[in-house]
1. If you take the residues of the stretch 50-77 that are more than 20 Å from residue 308 (Cα to Cα) and not hydrophobic (A, V, I, L, M, F, W, C), which of them is farthest from ligand 3 (Cβ to nearest atom)?
2. Which condition does residue 263 not pass, out of (1) surrounded by 15 or more Cβ atoms within 10 Å (Cβ to Cβ); (2) modelled with pLDDT of 95 or more, if it passes all the others?
3. What do you reckon, is residue 56 under 17 Å from residue 30 (Cβ atoms), out of contact with any helix residue (DSSP H, G or I) (no Cβ under 6 Å at 6 or more places or on another chain) and in a loop (DSSP other than H, G, I, E, B)?
4. Just checking, which of 28, 63 is part of a strand (DSSP E or B) and surrounded by 24 or more Cβ atoms within 10 Å (Cβ to Cβ)?
5. Could you run through the stretch 44-56 and say how many residues are more than 19 Å from residue 11 (Cβ to Cβ) and in contact with a Leu (Cβ under 8 Å, 6 or more places away or on another chain)?
6. Under 9 Å by Cβ, and 6 or more places apart or on different chains, what pairs join a residue from the stretch 250-273 that is at positive phi with one that is open to solvent by 50 Å² or more (accessible area, probe 1.4 Å) and of a type in the set (S, T, N, Q)?
7. What residue, among those in the stretch 101-126 that are touching a Ser or Thr at 6+ places or on another chain (Cβ under 6 Å) and in contact (Cβ under 8 Å) with a residue 40 or more places away in the chain, is farthest from ligand 2 (Cβ to nearest atom)?
Amino acid sequence: MAREFGAPLGFDERVVPLPHGFEALVRVEYTGVCHTDLHAVEGDWPVKPALPFVPGHEGVGRVVAVGHLVTSLSVGDRVGNAWLWSACGECEYCASGRETLCLRQRNAGYSVDGSFQEYMIVDSRYAAKVPEALEPAQVAPILCAGVTVYKGLKTTEVRPGQWVAISGIGGLGHLAVEYAVAMGLSVAAVDIDDAKLALARELGASMTVNAAKTDAPAEVQRAIGGAHGVLVTAPSGQAVAQALGMARRGATISLVGLPSGTFPVSVFDTVLNGLTIRGSIVGTRADLAEALDFAARDKVHATVTTHPFADVNEVLDDMRAGRILGRVVLEVAGTLAREDAGYPTRQASTV
Ligand code: NAD
Ligand code: ZN
Ligand code: ZN
């Protein structure tokens, strides 16, 4: 649990909650570590989580108990929590299939305790249903990174055969390369680290550009005449500014990475080049089901390194330093050397 911004997470023993109404209690097997968890722990976004809180929104596990109103899940089902923990179901956004814009949404690991704990509560109406055929550690990154880039790529409106530039080849970006290739797009991958770019090539990127060594916009313009769409996953304002320069006329630049702050936009260039600049936030339940289906059909396969739950602070340090290739997934269940007999009453949780 995070008790103080910028401090290491602490481990604490807490009471396992009972699931009420539409809620289900889930024994967490694995959880991915998203850069959003790091933003939450640092408290570096304009809207901060209320302390203390338990981070984590790429948690996968099995249902161990359900509330009395639950109809869509049963004990034993494998499910995941997602950033969109719940929404109101009634507002204009919810009513029009855009629940990720709901003003009354709750977010896992931010406004509701997340998956960095042994037992988590999910809302059965919003929890991801995880296909049984998939390895749980492999699925974890799809729950946020996968669905976010899948939706982000859709919002670039790039068509099969056209070029998409993907800036930032981390947890999100490496999956973006895979989804883009599966969607028939040609990929120009941009990062500031050669190891990330080598991974992008392995995953099917047709060209790579190191933005720390070359003028990335000039290189993308020279090599392919600009990209038909640009997806920015890098948590960097500089990357956003550069993304505009990688665009072909008429392109859409879809912003996904969340550095705090602003970026400069040339009104003249935006107008003359007919650019669209838009934001894209995670994905709806329908997007998530589609993103999971790509994984179930073996079209995407997250590059995952697993660590024991107790290593969470070292993993966050590695993320701060940009040392993670692909996604780190924490193995939670059974790694804290405690007994799991019968209905759980006490659990360990990060604090
Ligand atoms: P990550 O740390 O795994 O990856 C970030 C990558 O960006 C790294 O490969 C890093 O080398 C690269 N990078 C850093 N600066 C760069 C630059 N100037 N140019 C190009 N590449 C650069 O992080 P992640 O988990 O992939 O998350 C990325 C961002 O996306 C975070 O800000 C996170 O909060 C945000 N996010 C947004 C959504 C959404 O719905 N919009 C969802 C999930 C995460
Ligand atoms: Zn995330
Ligand atoms: Zn709503």
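1. Looking only at the stretch 50-77, we keep the residues that are more than 20 Å from residue 308 (Cα to Cα), and these are 50-53, 63-77.
Within this subset, residues satisfying the condition of being not hydrophobic (A, V, I, L, M, F, W, C) are 52, 67-68, 71-72, 74, 76-77.
On the way: 52: 27, 67: 21, 68: 24, 71: 21, 72: 19, 74: 27, 76: 30, 77: 25 Å.
Only one residue tops the list, namely 76.
2. For residue 263, the failing item is (2).
3. yes
4. Values: 63 fails: surrounded by 24 or more Cβ atoms within 10 Å (Cβ to Cβ).
Residue meeting the stated conditions: 28.
5. Within the stretch 44-56, the subset more than 19 Å from residue 11 (Cβ to Cβ) is 44-48, 50.
Among the residues that remain, those that are also in contact with a Leu (Cβ under 8 Å, 6 or more places away or on another chain) are: 45.
Count: 1.
6. Close Cβ pairs (under 9 Å, with a partner that is open to solvent by 50 Å² or more (accessible area, probe 1.4 Å) and of a type in the set (S, T, N, Q)) amount to 250/276.
7. Of all residues in the stretch 101-126, those touching a Ser or Thr at 6+ places or on another chain (Cβ under 6 Å) come to 106, 115-117, 123-124, 126.
Imposing the further condition that a residue be in contact (Cβ under 8 Å) with a residue 40 or more places away in the chain reduces the set to 115-117, 123-124, 126.
Numbers: 115: 11, 116: 13, 117: 17, 123: 17, 124: 21, 126: 15 Å.
Top of the filtered list is 124.
The values are calculated or read from the model by the stated rules, or taken from the named source; none is laboratory data. This is a predicted model, so every value here is computed, not measured. Every residue, glycine as well, gets a Cβ built from its backbone with ideal geometry; the counts of neighbours run over all protein chains shown. Remember, those area values only see protein heavy atoms, side chains included, never the ligands or the DNA or RNA. Shrake-Rupley method; radii C 1.70, N 1.55, O 1.52, S 1.80 Å.
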